[in-house]
Amino acid sequence: MHIRETSISGLIEFTPRIFEDERGLFFESFNSASFEQYGLPTNFVQDNQSFSKKGVVRGLHFQNAPFAQGKLVRVISGRVLDVAVDIRPESPTFGKYEVFELTGERNNMAYIPEGFAHGFAALEDSIFSYKCTNVYNKQSESGILWNDPSLNIDWGVANPIVSEKDLLLPTFKSLFSKQDL
């Protein structure tokens with residue numbers, strides 16, 4: 001498995017070795033030893049899967065403590081632009097983000113640690129998979145407006161389809177006090 005550390009501590013992209021022949025293909029989608037080597041959690045307690053039509057933008061979502069989640073995300077089929085925003089006030093990269101293009105063809109995945117807001121744009125009809133380190137808790141859910149002007153994320157979608165719920169999310173600046181910024 002090829003591992004790429006990003007400019008934001010803890011945010012990592014994994015690209016598996018794919019073994020292909022006339023029968024099809026095989027790859028390792030998770031390896032606890034690889035995660036342990038980078039000090040990442042290996043205990044995932046919930047798996048989620050979504051389908052999004054081309055042009056859908058989901059996010060930017062996160063859960064507050066004590067239900068904060070780390071997520072191992074990948075695309076089973078299709079192609080998405082995946083975004084992780086550092087929302088750890090003590091982090092030197094607070095308010096910065098990374099973008100990954102995840103595809104069902106490459107089978108690459110990203111580990112999004114606790115303390116990040118996460119979202120994606122479906123560049124094609126896509127099946128998206130999440131392995132989570134904590135269970136979902138409705139009272140702990142939160143998020144940042146997908147098109148927040150202070151983040152200025154290029155989602156790569158001309159006419160995004162966004163849920164009513166996501167359209168009502170607060171801005172980054174309104175979530176964090178002036179002392180955090």
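The values are calculated or read from the model by the stated rules, or taken from the named source; none is laboratory data. Keep in mind that this is a model prediction, so the values were computed, not measured. Cβ coordinates were reconstructed from backbone atoms using ideal geometry, including for glycine residues, and neighbour counts include every protein chain displayed. Calculation scope for accessible area: heavy atoms of the full protein, side chains included, ligands and nucleic acids excluded. Shrake-Rupley method; radii C 1.70, N 1.55, O 1.52, S 1.80 Å.
Taken together, SER142, SER129, SER91 contain a single residue that is of a type in the set (Ser, Thr, Tyr), open to solvent by less than 40 Å² (accessible area, probe 1.4 Å) and within 14 Å of LEU60 (Cβ to Cβ), which is SER142. Among the conditions (1) in contact with a strand residue (DSSP E or B) (Cβ under 9 Å, 6 or more places away or on another chain); (2) closer than 15 Å to ASN48 by Cβ; (3) open to solvent by 30 Å² or more (accessible area, probe 1.4 Å); (4) not acidic (Asp, Glu), the only one that SER77 does not satisfy is (2). Considering only residues of the range 74-96 that are among the acidic types (Asp, Glu) and in contact (Cβ under 8 Å) with a residue 24 or more places away in the chain, which is farthest from LEU175 (Cα to Cα)? Looking at the filtered set, the residue picked out is ASP82. For the range 59-73, the criterion of being under 27 Å from LYS173 (Cβ atoms), open to solvent by 30 Å² or more (accessible area, probe 1.4 Å), in contact (Cβ under 8 Å) with a residue 24 or more places away in the chain and assigned to a strand (DSSP E or B) is satisfied by at least one residue.
Name every residue in the range 8-20 that is over 23 Å from SER91 (Cβ atoms) and either open to solvent by 70 Å² or more (accessible area, probe 1.4 Å) or in contact with an Asp or Glu (Cβ under 7 Å, 6 or more places away or on another chain) (or both), in order of residue number. Answer for the range 8-20, where residues must be over 23 Å from SER91 (Cβ atoms) and either open to solvent by 70 Å² or more (accessible area, probe 1.4 Å) or in contact with an Asp or Glu (Cβ under 7 Å, 6 or more places away or on another chain) (or both): PRO16, ARG17, PHE19, GLU20. Given the structure, is GLU164 surrounded by fewer than 13 Cβ atoms within 10 Å (Cβ to Cβ), of a type in the set (Asp, Glu) and farther than 16 Å from TYR97 by Cα? Yes. For ILE76, the requirement of being modelled with pLDDT of 95 or more, over 19 Å from LEU151 (Cβ atoms) and not aromatic (Phe, Trp, Tyr) is met. Here SER174 qualifies as modelled with pLDDT under 95 and over 30 Å from ASN43 (Cα atoms).
Among the residues of the range 28-58, those identified as surrounded by 13 or more Cβ atoms within 10 Å (Cβ to Cβ) and of a type in the set (A, V, I, L, M, F, W, C) are PHE30, PHE35, LEU40, PHE44, PHE51, VAL56, VAL57.
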